[in-house]
2 protein chains.
Amino acid sequence: MPPSPSRRKVIRTYNLCLLGFGNVNQTLLRLLQRKNSELRERGIVWRIAGVATRKMGWVANENGLDPAALLSNNVLAQSRAGTPAPHDVREWLRLAKADVLFEATSLSPRDGQPAIDHIRAALEAGAHAITANKGPIVHAFEELRSLARAKGRKFLFESTVMDGVPIFSLFRDNLLCIHLQGFRGILNSTTNVILSGVEEGLSFEESLVKAQELGVAETDASNDIEGWDAAVKVAALIRVLMDVPIRLEEIQREGISKLSEDVVRAARAEGKPYKLVCRAQRTDQGVMASVRPERVPLSDPLAWVAGTSSIVYFETDIFPGLAITENNPGLDATAYGMLADFVRAVKET
Amino acid sequence: MPPSPSRRKVIRTYNLCLLGFGNVNQTLLRLLQRKNSELRERGIVWRIAGVATRKMGWVANENGLDPAALLSNNVLAQSRAGTPAPHDVREWLRLAKADVLFEATSLSPRDGQPAIDHIRAALEAGAHAITANKGPIVHAFEELRSLARAKGRKFLFESTVMDGVPIFSLFRDNLLCIHLQGFRGILNSTTNVILSGVEEGLSFEESLVKAQELGVAETDASNDIEGWDAAVKVAALIRVLMDVPIRLEEIQREGISKLSEDVVRAARAEGKPYKLVCRAQRTDQGVMASVRPERVPLSDPLAWVAGTSSIVYFETDIFPGLAITENNPGLDATAYGMLADFVRAVKET
């Protein structure tokens, strides 16, 4: 739906800083270019005022870096063209005059660092903080939410669960006055691709390679295979949507590494395949949650969610079963979640 | 998620007017009572300042009618206790000092009346207009949207498709800068209950009685069985989400009355059951849309949507397949959509 005419009047330019410049933030930059005119209709003009990677260090220019040069991997040339090189995230944000930080460093499930420090620095510098990284939600959600409120900025993270599908904003903006009792779903693509591959006759190893070729699994896929990635997502949903500060250790977690290929294929042949199922249920004591391989009947939509697709069923006081399914997302999906967070952040402040 | 503390400061009382007092608005009134404290936390206090039914006429009292008396069907007593009886919708809204109209009269698929007049009257009187009636969307969406904008009020209709599941607000508030290319789904409960019943061995007649007992089908179920209800929903989704002013006659429409019981059962036994499938696809010429019985394979989630459940798959430029499923909604669901529209309307103005 196009925005209503009244929103089109004031146009403002925002300085964006990209922390990490791998798949996610590169795709985000291309998407920002593609959606340029629609953003302008909403009063939003942007420039990339900072990029940082482990290899290149902190690159900042408050007047804007050239997106084409960045995408052709010419970050060093950009660096020379810019202001003096900053030494850390705070100096980088300051020199870039950052309005928005897009945090897309790798997940560290155990402590959420260094992403938490980056987000804290952005909020303290008066910038909105948008992350595709689940770690900060699980390890510092309440602190970062308070900090964002105190600073009048937004801390948003739509891309952390189900790519950029609007799960968090659905509950925040649309499912008003609703109580979430629990949920059940498939939230990790790597294990889903592996199980689908094994059912089709590949070995675990071959399936993993396939997942890596699809860009779904990382070189070290143990976070996925052992259920850490899914558990972190479950914890994020519980903390944010159920307002219960659950710790990662409280989530029962079992990966798919103990399943044999024969067992996986036999289960599918019997019409009750294995899936790495995520669950959470509110109880008198708080929330019970688990991630583990479960056999699901074919009458259950979870049985049909294959490859990189994902699904989550929410049980609420109004809707007994409200499901969101995402089929075959491309790389755009995660980047889109960050772009939508950007629009939300500037619209609401 | 609880609202942020900053929203809790100002408390305002809203005068609500219920037009129609059947299942939907009675359930809405009970839900308003149940969600009273959460609404107050959002700064919203309400009173019922008007109720109108064909039998009782226009009942208004700007100081509030007694909900308990209304729910015990004591509308006449309320009427006597109120201000002088109004003669039409405009006088009723004026005497009730209406802030919000909840329009829940029956669907008239051919012209959308008298609901369109009611909504026009509300907006012109400076009240928000919230409807569970699809007719006004199909026959007067653009006019009513413009009128609402001109008056600085909201015209909202979340309950018209998939009960109160936030479809329209999802696209409006969350799927920012997204282009909808098409959709596919099951949107009519009566035909779905009938087909499920026939598959389980009931006759068409018995299944229809079952749907009526469930409160899903009306006494005259021809609007459902001939595909009118589904076609009106398809038209509403196209007009609002795809911004194409399609007319109802442009939607290819075929109901389920030509299917025999044997054919329906054989199709299910063969693993490719019949469903009344809704479709829309953007083309160079506009939008192609249809409602008709289609056979769907079991690998398609549509095949598993039984009884009163519903589903819709959206194809967008970012998400190739984003599905929303609603399983076994209760009466609360439709009323909830109107309550959520109420919160949205007063939050945004």
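Brief remarks follow.
- Subset of the range B:153-171 (residues that are of a type in the set (Phe, Trp, Tyr) and either within 12 Å of another protein chain (Cβ to nearest Cβ) or part of a strand (DSSP E or B) (or both)): B:PHE155, B:PHE168, B:PHE171
- Test: residue in the range B:330-337 that is open to solvent by less than 20 Å² (accessible area, probe 1.4 Å), closer than 19 Å to A:PRO301 by Cα, modelled with pLDDT of 95 or more and of a type outside the set (Asp, Glu): no
- Among the candidates A:SER159, A:SER196, residue that is open to solvent by less than 20 Å² (accessible area, probe 1.4 Å) and farther than 30 Å from B:PRO166 by Cα: A:SER196
- Under the condition of being at negative phi, of a type in the set (Gly, Ala, Ser) and over 22 Å from the mean Cα position of the chain (by Cα), the residues counted in the range A:230-277 number 5.
- Residues that are assigned to a helix (DSSP H, G or I) and open to solvent by less than 20 Å² (accessible area, probe 1.4 Å) were ranked within the range A:240-263; the one that is modelled with the lowest pLDDT is A:LEU248.
- Enumeration of residues in the range A:123-142 that are in a helix (DSSP H, G or I) and open to solvent by less than 40 Å² (accessible area, probe 1.4 Å): A:LEU123, A:GLY135, A:PRO136, A:ILE137, A:VAL138, A:ALA140, A:PHE141
- If you go through the range A:327-337 and pick out every residue that is more than 7 Å from chain B (Cβ to nearest Cβ) and either of a type in the set (Lys, Arg) or in contact with a strand residue (DSSP E or B) (Cβ under 8 Å, 6 or more places away or on another chain) (or both), you end up with 0.
- Residues of the range A:172-181 classified as open to solvent by less than 10 Å² (accessible area, probe 1.4 Å) and assigned to a helix (DSSP H, G or I), total: 1
- Flag if A:LYS233 is closer than 17 Å to A:PHE183 by Cβ, more than 14 Å from every other protein chain (Cβ to nearest Cβ), charged (D, E, K, R) and in a helix (DSSP H, G or I): yes
- The condition (being over 27 Å from A:GLU38 (Cβ atoms) and small (Gly, Ala, Ser)) is satisfied by just one residue among B:SER146, B:SER108, B:SER169: B:SER108.
- Qualifying residue in the range B:60-76 (condition: modelled with pLDDT of 90 or more, farther than 30 Å from A:ASP173 by Cα, assigned to a loop (DSSP other than H, G, I, E, B) and among the polar types (S, T, N, Q)): yes
- Check on A:ILE324, buried (at least 20 other Cβ atoms within 10 Å of the Cβ), within 7 Å of another protein chain (Cβ to nearest Cβ) and more than 23 Å from the chain's Cα centre (by Cα): no
- Residue check, A:PHE183 within 14 Å of another protein chain (Cβ to nearest Cβ), closer than 23 Å to A:GLN113 by Cβ and of a type outside the set (Gly, Ala, Ser): no
- One residue stands out in the range A:199-220 among those that are assigned to a loop (DSSP other than H, G, I, E, B) and among the β-branched types (Val, Ile, Thr): the one that is most open to solvent (accessible area, probe 1.4 Å), namely A:THR219.
- Applying the criterion of being assigned to a loop (DSSP other than H, G, I, E, B), on the phi < 0 side of the Ramachandran plot and at pLDDT 95 or above to the residues of the range A:89-107, the residue that is most open to solvent (accessible area, probe 1.4 Å) is A:ASP99.
- Looking across B:ARG120, B:ARG184, B:ARG145, B:ARG149, one residue alone is out of contact with any His (no Cβ under 8 Å at 6 or more places or on another chain), open to solvent by 10 Å² or more (accessible area, probe 1.4 Å) and not in a helix (DSSP H, G or I). It is B:ARG184.
- From the options B:ASP317, B:ASP300, residue that is under 21 Å from B:MET242 (Cβ atoms), surrounded by fewer than 21 Cβ atoms within 10 Å (Cβ to Cβ), over 19 Å from the mean Cα position of the chain (by Cα) and facing chain A (nearest Cβ under 9 Å): B:ASP317
- For the range B:221-230, a tally of residues being of a type in the set (Asp, Glu) and in a helix (DSSP H, G or I) returns 2.
- Selected residue [within 14 Å of chain B (Cβ to nearest Cβ), closer than 14 Å to A:MET162 by Cβ, under 16 Å from the mean Cα position of the chain (by Cα) and open to solvent by less than 40 Å² (accessible area, probe 1.4 Å)] from A:VAL305, A:VAL312: A:VAL312
- Just so you know, in the range B:264-297 the residues that are in contact (Cβ under 8 Å) with a residue 12 or more places away in the chain, outside any strand (DSSP E or B) and open to solvent by 50 Å² or more (accessible area, probe 1.4 Å) include one that is farthest from the other protein chains (Cβ to nearest Cβ), and it is B:ARG265.
- The residue of the range A:338-349 that is farthest from A:LYS233 (Cα to Cα), among those that are open to solvent by less than 10 Å² (accessible area, probe 1.4 Å) and more than 10 Å from chain B (Cβ to nearest Cβ), is A:ALA345.
- The residues of the range B:19-46 that are of a type in the set (Val, Ile, Thr) and crowded, with 16+ Cβ neighbours inside 10 Å, listed by number, are B:VAL24, B:THR27, B:ILE44.
The values are calculated or read from the model by the stated rules, or taken from the named source; none is laboratory data. Worth saying up front: this structure is predicted, and the values here are computed from it rather than measured. So basically every Cβ, Gly included, is an ideal-geometry build from the backbone, and we count neighbours across all protein chains shown. Accessible surface areas use protein heavy atoms only, side chains included; no ligands, DNA or RNA. Shrake-Rupley method; radii C 1.70, N 1.55, O 1.52, S 1.80 Å.
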